[in-house]
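Visitor: Once you've had a glance at the structure underneath, I'll fire off some questions.
The values are calculated or read from the model by the stated rules, or taken from the named source; none is laboratory data. Remember, predicted model here, so these are calculated numbers, not experimental data. All Cβ positions, glycine included, derive from the backbone under ideal geometry; neighbour counts span all protein chains shown.
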């Protein structure tokens, strides 16, 4: 199956086609080019001409258009994303081995071990073709992790769909879930958690974000750059085909090459088997030290890989497109350069190591072709059929694209939205025990709070044998070192409803919750990745939401002392009229937090498995129900202000939880968020089928709230902890010493959740309500 | 739950020093590292075997681990069964060497005709991952002799094409000869005929099953048990069983 590097790929031998060469471009400066259809603005096109001193060739135009796209260049977000870097203090950098700007950030977790992790979006393809869109989303982020020299060890998926009862939602849900599962399961990567949200704002704009975690030794970190005069540029993995070309097919209407193919699918098609083989092959290449660097091919394919490698390197690069192994010999140069065919990697290899390199790719039956060489020209040059079709400064393609400071302004509707609180709207609150009980069951069965087992049971969480915690626990926990038990916890969060009410606070809340979820497992939070899903940057409303969220997140990261190590921005998630309140999705800054545990076998589960434990409530409850699950599910209401964020309190809480785990005092811990205390109690009881009996008087008395608020408010910084009565005093002191308010709620046991003096819910009834929802809707 | 003690390697089985158990890796195999870990935790040496290598390196037993060898393209296990290593496995199995096929490994064993029947797509058409209860029906095979007949065990199950099918005559034969080794307990997760989760050959040295014993060998990383979350280690008994069968062979 392996084609030796020297063997030319088979293809029909047409007469040498008339190509749009560098020479032709210089000779015909006025030829009309379809830059608009390729997504370039007139001034951007003019800038390319200025850079080159002539019009671009068709191939160059293809490269610039895709590399200067929002997706690849971050041109609208760049000026604001720099705040993540500005807010990083030296102290925060302590554990950072590689920061923002590389394929993924790398974090030191001790004992010579490092982990790399990143979350990325694949939103638009997943609406067009849900299965392949989601599958290749997983594939892409996994290749980013491999490029760093790490073995991928876990994935997570953050999914947001339209309303459950919309006729198009099931199509997207089924495709996306089987795509994430079909690809991830076939790679042998445990899926340890994620998010699942249904909301009308995502109708037509589902969000499919995927996170991958990789493990490596410090000395194995690899950065992708093309350095070293004479080094070979090697393309290996799947052949290059016509899938995922997107805008490039427009170039096909230009008759600069004969026999141009018909339009092709713009969504890439994944082959997880090929990717699994690539993972093992790349790890063997790294371990044999026969490769200088590996760059994955994702968005913009060869255009991106060659220009980024050359731009990051210290010289230039020459590539011969005739040596690219093709699935479809009729592809033109622009298409080959833009193809997003999956499961491809580009390596920089020293000439004296090429044979050893080829022996390893051949062992894994991975097709490999030397397509170019590193030189000292300072240029990226590309030939096709013996003619020069690209001659550019790679930096102008990869790193010096346009940067926009787009206008942004607080939306006109924002004040009215914030004024429309649950109190101002006069939403009826349940009061009697029976009303509270019914409300609790309604929320427990609502699609966003129901058991996610229908989804997670389609994902393998056991493979690799290192999963200590996975959904439905608050965070996923993976062992890194089998001898010591050293490992990491990961959690992600974003509440789009909070983001809509106040994007700045919403982003900080997302960070606070992910941070808290990591801490509830007993892990010390260390670092952050984020995927910012927003509407069009060309609408001042959405742009304002993005800027607010970035600033809110950057400030909150600084206050919690956890740096952003990398991530992704997905814009244009909106189809409505500009200026309207519903013009785009809820601002959804997905924030992932990574924490470290010295021994994952001591990680705290989110449920209790023993009767007779004492239940403590850490944190304070306030009358915070705007944007809550209750307002949404019961009243279909969204208005007011999200819960307050108190990052100092979150920090204190996290340190208390880490200590509670380390000292072995706590038996279980569960974060309280959507649905409030009663949802948390029900989830923790259902985890292992052990009920709980609690009294609310402590909370209602101390925090001056009524039973409804005590049960349903979504105040942050709260966790329920189960503790052996013997350790209750000690744990209480530990929390108080950390400055965390603590009170006793009740005890575990029995087969119901009992709220004394109010109501009781048998676990069998709760289980039916919780678990039947998603199977009933999606079967 | 509180701190979970790591499982020490079981070294109590007498006479197993030096036992070597091979784990074959095909392109697309996923659970090979897990199977090797299970072998080590049982107290034996795990030997990595490569599909393209016809030598079994003098191992005492072989595990065909789970995964999606060759992407399950054509049919699960259909391509792997032609690997050079498989010719050696067929010969060794016919000579009495213990062979365990887990999930995709089970599919390869049926394709190689070491075990009867075949696996088709789950009846509900979804991939399924769950902690699965099984009843041990045959505690005399090389891989189950340390269980009790009728014992209920719990190990993870995860598959897309896990529905065991065979014609009625074959199923009757399997039942009549006591060659059904495991049956699903409670819910049948994939529509397998007669709730069959695992079978053996007439000699009892070759066992294939869909669930994954190698994922239930270490406290803290297995299915839930009465001992605590993820504390289940029922899978370890497969590997200690084969060591004792090697001693008594």
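Visitor: From the list A:366, A:348, which one is over 30 Å from residue A:43 (Cβ atoms), within 14 Å of chain B (Cβ to nearest Cβ), within 33 Å of the chain's Cα centre (by Cα) and not in a helix (DSSP H, G or I)?
Guide: Step by step, each of A:366, A:348 is checked, and only A:366 is over 30 Å from residue A:43 (Cβ atoms), within 14 Å of chain B (Cβ to nearest Cβ), within 33 Å of the chain's Cα centre (by Cα) and not in a helix (DSSP H, G or I).
Visitor: Looking at B:3, B:36, B:46, B:10, which is the one that is crowded, with 20+ Cβ neighbours inside 10 Å and either part of a strand (DSSP E or B) or modelled with pLDDT under 95 (or both)?
Guide: Step by step, each of B:3, B:36, B:46, B:10 is checked, and only B:46 is crowded, with 20+ Cβ neighbours inside 10 Å and either part of a strand (DSSP E or B) or modelled with pLDDT under 95 (or both).
Visitor: Taking the condition of being crowded, with 18+ Cβ neighbours inside 10 Å, at pLDDT 95 or above and touching a strand residue (DSSP E or B) at 6+ places or on another chain (Cβ under 8 Å), how many residues in the stretch A:607-646 meet it?
Guide: 9
Visitor: While we're here: Just the residues that are more than 9 Å from chain A (Cβ to nearest Cβ) and either part of a strand (DSSP E or B) or more than 17 Å from residue A:275 (Cβ to Cβ) (or both), please, taken from the stretch B:17-31.
Guide: B:17, B:18, B:19, B:20, B:21, B:22, B:23, B:24
Visitor: Something else now. Using the structure shown, decide if residue A:81 is in contact with a helix residue (DSSP H, G or I) (Cβ under 9 Å, 6 or more places away or on another chain) and more than 23 Å from residue A:533 (Cα to Cα).
Guide: On the way: in contact with a helix residue (DSSP H, G or I) (Cβ under 9 Å, 6 or more places away or on another chain): yes; more than 23 Å from residue A:533 (Cα to Cα): no.
No: the conditions fail for residue A:81.
Visitor: Within the stretch A:457-488, take every residue that is at the interface with chain B (Cβ under 7 Å from one of its Cβ atoms) and free of Cβ contacts under 8 Å to residues at least 12 places away in the same chain and give me the one that is surrounded by the fewest Cβ atoms within 10 Å (Cβ to Cβ).
Guide: If we take residues in the stretch A:457-488 being at the interface with chain B (Cβ under 7 Å from one of its Cβ atoms) and free of Cβ contacts under 8 Å to residues at least 12 places away in the same chain, then A:457 is surrounded by the fewest Cβ atoms within 10 Å (Cβ to Cβ).
Visitor: Residue A:749: surrounded by fewer than 19 Cβ atoms within 10 Å (Cβ to Cβ) and touching a residue at least 60 places away in the same chain (Cβ under 8 Å), yes or no? Give the steps one after another, and end with the answer.
Guide: Details: surrounded by fewer than 19 Cβ atoms within 10 Å (Cβ to Cβ): yes; touching a residue at least 60 places away in the same chain (Cβ under 8 Å): yes.
It is true that residue A:749 is surrounded by fewer than 19 Cβ atoms within 10 Å (Cβ to Cβ) and touching a residue at least 60 places away in the same chain (Cβ under 8 Å).
Visitor: Between A:509, A:449, A:441, A:526, which is touching a helix residue (DSSP H, G or I) at 6+ places or on another chain (Cβ under 6 Å), farther than 17 Å from residue B:229 by Cβ, touching a residue at least 12 places away in the same chain (Cβ under 8 Å) and part of a loop (DSSP other than H, G, I, E, B)?
Guide: Selected residue: A:449, the only one of A:509, A:449, A:441, A:526 that is touching a helix residue (DSSP H, G or I) at 6+ places or on another chain (Cβ under 6 Å), farther than 17 Å from residue B:229 by Cβ, touching a residue at least 12 places away in the same chain (Cβ under 8 Å) and part of a loop (DSSP other than H, G, I, E, B).
Visitor: Within the stretch A:692-704, identify whether any single residue is part of a helix (DSSP H, G or I) and either under 20 Å from residue A:629 (Cβ atoms) or within 14 Å of chain B (Cβ to nearest Cβ) (or both), and answer yes or no.
Guide: Checked the stretch A:692-704: at least one residue is part of a helix (DSSP H, G or I) and either under 20 Å from residue A:629 (Cβ atoms) or within 14 Å of chain B (Cβ to nearest Cβ) (or both).
Visitor: Right, next: Within the stretch A:662-682, can you find the residues that are away from chain B (no Cβ under 14 Å) and part of a helix (DSSP H, G or I)?
Guide: Listed by number, the residues that qualify are A:676, A:677, A:678, A:679, A:680, A:681, A:682.
Visitor: Output the residues belonging to the stretch A:577-596 that are under 20 Å from the mean Cα position of the chain (by Cα) and either assigned to a loop (DSSP other than H, G, I, E, B) or within 25 Å of residue A:299 (Cα to Cα) (or both).
Guide: Scanning the stretch A:577-596 gives A:584, A:585, A:586, A:587, A:588, A:589, A:590, A:591, A:592.
Visitor: If residue A:454 meets every condition in (1) within 14 Å of another protein chain (Cβ to nearest Cβ); (2) assigned to a loop (DSSP other than H, G, I, E, B) apart from one, which number is that one?
Guide: (2)
Visitor: Inspect the stretch A:207-226 for any residue being part of a helix (DSSP H, G or I), in contact with a strand residue (DSSP E or B) (Cβ under 7 Å, 6 or more places away or on another chain) and away from every other protein chain (no Cβ under 14 Å) and give the result as yes or no. Lay out the reasoning, then the answer.
Guide: We begin by selecting, within the stretch A:207-226, every residue part of a helix (DSSP H, G or I); these are A:218-220.
Okay, now just the ones that are also in contact with a strand residue (DSSP E or B) (Cβ under 7 Å, 6 or more places away or on another chain), so A:218.
Imposing the further condition that a residue be away from every other protein chain (no Cβ under 14 Å) reduces the set to A:218.
Yes, some residue in the stretch A:207-226 is part of a helix (DSSP H, G or I), in contact with a strand residue (DSSP E or B) (Cβ under 7 Å, 6 or more places away or on another chain) and away from every other protein chain (no Cβ under 14 Å).
Visitor: Something else now. List pairs: first residue in the stretch A:25-50 and at pLDDT below 90, second residue assigned to a loop (DSSP other than H, G, I, E, B) and surrounded by 10 or more Cβ atoms within 10 Å (Cβ to Cβ) anywhere in the structure, Cβ distance under 6 angstrom, at least six positions apart or on different chains.
Guide: Taking only residues 6 or more apart or on different chains, the pairs are A:29/A:55; A:39/A:69.
Visitor: Follow-up. Just give me the residues in the stretch B:134-153 being surrounded by fewer than 20 Cβ atoms within 10 Å (Cβ to Cβ) and either free of Cβ contacts under 8 Å to residues at least 24 places away in the same chain or under 30 Å from residue A:459 (Cα atoms) (or both), in sequence order.
Guide: Applying the first criterion (surrounded by fewer than 20 Cβ atoms within 10 Å (Cβ to Cβ)) to the stretch B:134-153 yields B:135, B:139-140, B:145-146, B:148-152.
Residues satisfying the conditions are B:135, B:139, B:148, B:149, B:150, B:151, B:152.
Visitor: Within the stretch A:562-576, is there a residue that is assigned to a loop (DSSP other than H, G, I, E, B), away from every other protein chain (no Cβ under 14 Å) and more than 29 Å from residue A:103 (Cα to Cα)?
Guide: For the stretch A:562-576, residues assigned to a loop (DSSP other than H, G, I, E, B), away from every other protein chain (no Cβ under 14 Å) and more than 29 Å from residue A:103 (Cα to Cα): present.
Visitor: If you go through the stretch B:110-142 one residue at a time, how many are assigned to a loop (DSSP other than H, G, I, E, B) and more than 14 Å from chain A (Cβ to nearest Cβ)?
Guide: Of the residues in the stretch B:110-142, 12 are assigned to a loop (DSSP other than H, G, I, E, B) and more than 14 Å from chain A (Cβ to nearest Cβ).
Visitor: Additional query: In the set A:107, A:98, which member is surrounded by 18 or more Cβ atoms within 10 Å (Cβ to Cβ) and in contact with a helix residue (DSSP H, G or I) (Cβ under 7 Å, 6 or more places away or on another chain)?
Guide: Just one listed residue meets the conditions, A:107.
Visitor: Identify the residue in the stretch B:60-95 that is within 14 Å of chain A (Cβ to nearest Cβ), assigned to a loop (DSSP other than H, G, I, E, B) and buried (at least 21 other Cβ atoms within 10 Å of the Cβ) and, among all such residues, is farthest from the chain's Cα centre (by Cα).
Guide: B:83
Visitor: Give just the number: which of (1) away from every other protein chain (no Cβ under 12 Å); (2) out of contact with any strand residue (DSSP E or B) (no Cβ under 7 Å at 6 or more places or on another chain) does residue B:52 not satisfy?
Guide: Failed condition: (1).
Visitor: Restricting the stretch A:459-473 to residues that are part of a loop (DSSP other than H, G, I, E, B), modelled with pLDDT of 95 or more and in contact with a strand residue (DSSP E or B) (Cβ under 7 Å, 6 or more places away or on another chain), which is farthest from residue A:134 (Cα to Cα)?
Guide: So the residue we want is A:466.
Visitor: I'm trying to understand the selection: among the residues of the stretch A:94-133, which are farther than 13 Å from residue A:528 by Cβ and assigned to a helix (DSSP H, G or I)?
Guide: A:94, A:123, A:124, A:125, A:126, A:127, A:128, A:130, A:131, A:132, A:133
Visitor: Considering each of A:177, A:172 in turn, give the residue that is part of a helix (DSSP H, G or I), more than 14 Å from chain B (Cβ to nearest Cβ), touching a helix residue (DSSP H, G or I) at 6+ places or on another chain (Cβ under 8 Å) and touching a residue at least 40 places away in the same chain (Cβ under 8 Å).
Guide: On inspection, the qualifying residue turns out to be A:172.
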